[in-house]
Amino acid sequence: MQDIIIEKPYQFVPPYRGNWLPWLILKSGLVHRHLRKYEGVVDCHLHGIDHLRESMRQGHGVLLAPNHCRYADPLLMAFVASEAKTLMYAMASWHLFEQSRFQRWAISTMGGFSVYREGLDRQSLDLAVEILSTPNRPLVVFPEGAVFRTNDLLQPLLDGVAFMTRTAAKRRAKQGPPGKVVIHPVAIKYVFKGNLETAIGGTLDSLENRLTWIKDKDRTTLQRIHRIILAMLCLKEVEYFGEDQSGTIVERQQRLVNHLLSPLEETLLGKSSPNDALIPRIKALRMKIVPELTTGELTESERESRWYQLSKIYLAQQIASYPAEYLVSPTTDTRILETVERLEEDLTDKAGVHGPLEAIIEIDRAIEVPADRAPRGEEDPIMRELRERLQSMLDRLSHEANSVE
């Protein structure tokens, strides 16, 4: 399980507010070199920058809302900043600031500030509203809330984007300055530009070796991947049910996810939500579990119990990262690459660099945010439009990848 939960009290990390140092870093080419070496991204194409420039020219508070399928996504926003000739602020999960002193410094210096995903982070929300209320720099927020290696498939969006933009719009309407609060959907698409067999062949061999399998030369790459996914599912079914289950892959995945989460929801929240989107379910459970871990008041037995609960939640998120339809033939080389990287990360907690990748960034026209409250009992119209626009852009960009039978 990756280090996404930090077992100590949360402390808000503010962004660096200066200009010259982040501009120096942007112009130095450090971001480009990092993307090439550590993420395999060798080229980037940017479309729709005029939409952002126009919103900035009119003095609007701007929130950029990109999809989030790779760890390279935040760094790619440096290309947007350079072309728009503006620095940016960005919300980033607190655990990223706790990986190393250098990473903490780098994220903060480039305008990143922390958000505590396991609780109500008033400081982070207040700062986001302040940024959107004063036309200084755009704010970047990834509304999916977590990295899913499914570039063509948007995950359910968290409603924090609507809350902070509506709050800022209300403040600007009452107090000024003139202008509006707008959201620009940003679609990020990665296209693989290498030889697929060369890029992932060794990784697949290694994964099969971990499963004690002898390589079967008669199986296609897709068959090998499907077999590994099925093996991982079967292993977890045996662990939690005592035997592998029947039904379609989708039915089995959902059954296991609910088996992992529903008892926790009943115990911690007083009710189960088996039909709700996964990420809100996970967030609600973590908000109950993690704060107790940070107090230092739990016995060792209680502490072990909380970590066991978190491991179940983490597994549920892993299971949901393999949508059954994603590799239905014909698929694309980029989808195959993403899935192999996800398998490698889930089995080893690390994912190698499998380039070369070309990144395409497309900025859509602005969504104007009203100052009034969203209708109750239904999806916020702001989030619905954002979701539909992002998925439409990703659908169109998906045709940039090479088809694989």
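The values are calculated or read from the model by the stated rules, or taken from the named source; none is laboratory data. The structure displayed is predicted, hence computed values, not measured ones. Heads up, the Cβs are rebuilt from the backbone with ideal geometry, glycines too, and the neighbour counts pull from every protein chain shown.
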Within the stretch 125-145, is there a residue that is buried (at least 23 other Cβ atoms within 10 Å of the Cβ) and in a strand (DSSP E or B)? yes
Looking at the stretch 180-197, is at least one residue more than 20 Å from Leu139 (Cα to Cα), of a type in the set (A, V, I, L, M) and not in a strand (DSSP E or B)? yes
Ser329 is checked against (1) touching a Leu at 6+ places or on another chain (Cβ under 8 Å); (2) crowded, with 16+ Cβ neighbours inside 10 Å and fails just one. What number does that condition carry? (2)
Taking the stretch 40-88 and keeping only residues that are over 20 Å from Thr134 (Cα atoms) and of a type in the set (D, E, K, R), one is left with Asp43, Asp50, Arg70, Asp73, Glu83
Arg224 - would you say it is assigned to a helix (DSSP H, G or I), over 30 Å from Val140 (Cβ atoms), outside the structural domain of Val41 (by TED's automatic domain parsing) and touching a helix residue (DSSP H, G or I) at 6+ places or on another chain (Cβ under 7 Å)? yes
Name every residue in the stretch 296-317 that is surrounded by fewer than 16 Cβ atoms within 10 Å (Cβ to Cβ) and in contact (Cβ under 8 Å) with a residue 24 or more places away in the chain, in order of residue number. Ser311
Could you list, in sequence order, all residues of the stretch 256-283 that are surrounded by fewer than 17 Cβ atoms within 10 Å (Cβ to Cβ), in a helix (DSSP H, G or I) and hydrophobic (A, V, I, L, M, F, W, C)? Leu268, Leu269
Going through the stretch 54-67 in order, the residues found to be touching a residue at least 24 places away in the same chain (Cβ under 8 Å) and either buried (at least 21 other Cβ atoms within 10 Å of the Cβ) or more than 26 Å from Gly160 (Cβ to Cβ) (or both) are Ser55, His60, Gly61, Val62, Leu63, Leu64, Ala65, Pro66, Asn67
Identify the single condition in (1) touching a residue at least 60 places away in the same chain (Cβ under 8 Å); (2) of a type in the set (Lys, Arg); (3) part of a loop (DSSP other than H, G, I, E, B) that Arg172 does not satisfy, given that it satisfies every other one. (3)
Which residue pairs have Cβ atoms closer than 8 Å, lie 6 or more positions apart in sequence or on different chains, and pair a first residue in the stretch 235-255 that is in contact (Cβ under 8 Å) with a residue 60 or more places away in the chain and within 19 Å of Tyr314 (Cβ to Cβ) with a second residue that is buried (at least 17 other Cβ atoms within 10 Å of the Cβ) and among the aromatic types (Phe, Trp, Tyr)? Gln253/Tyr322
Based on what the data block shows, is Glu362 among the acidic types (Asp, Glu), more than 19 Å from Leu397 (Cα to Cα) and surrounded by 15 or more Cβ atoms within 10 Å (Cβ to Cβ)? no
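So that you can scan it fast, the table gives a plain yes or no per residue for (1) modelled with pLDDT of 95 or more; (2) not aliphatic (A, V, I, L, M):
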| residue | (1), (2) |
| --- | --- |
| Pro291 | no, yes |
| Gln318 | no, yes |
| Ser321 | no, yes |
| Asp346 | no, yes |
| Val353 | no, no |
| Asp364 | yes, yes |
| Arg373 | no, yes |
| Ile382 | yes, no |
Answer yes if at least one residue in the stretch 226-234 is among the small types (Gly, Ala, Ser) and within 16 Å of Ser321 (Cα to Cα), and no otherwise. yes
Among helices (runs of 4 or more DSSP H) lying entirely in the stretch 293-405, which contain 3 or more residues that are closer than 25 Å to Ile279 by Cα and of a type in the set (Ser, Thr, Tyr)? 300-320, 333-348
For the stretch 96-105, which positions are assigned to a helix (DSSP H, G or I) and buried (at least 16 other Cβ atoms within 10 Å of the Cβ)? Leu96, Phe97, Arg104
Being touching a Cys at 6+ places or on another chain (Cβ under 9 Å), under 23 Å from Thr220 (Cα atoms) and not basic (Lys, Arg) narrows it down to one of Glu338, Glu345, Glu325, so name that one. Glu338
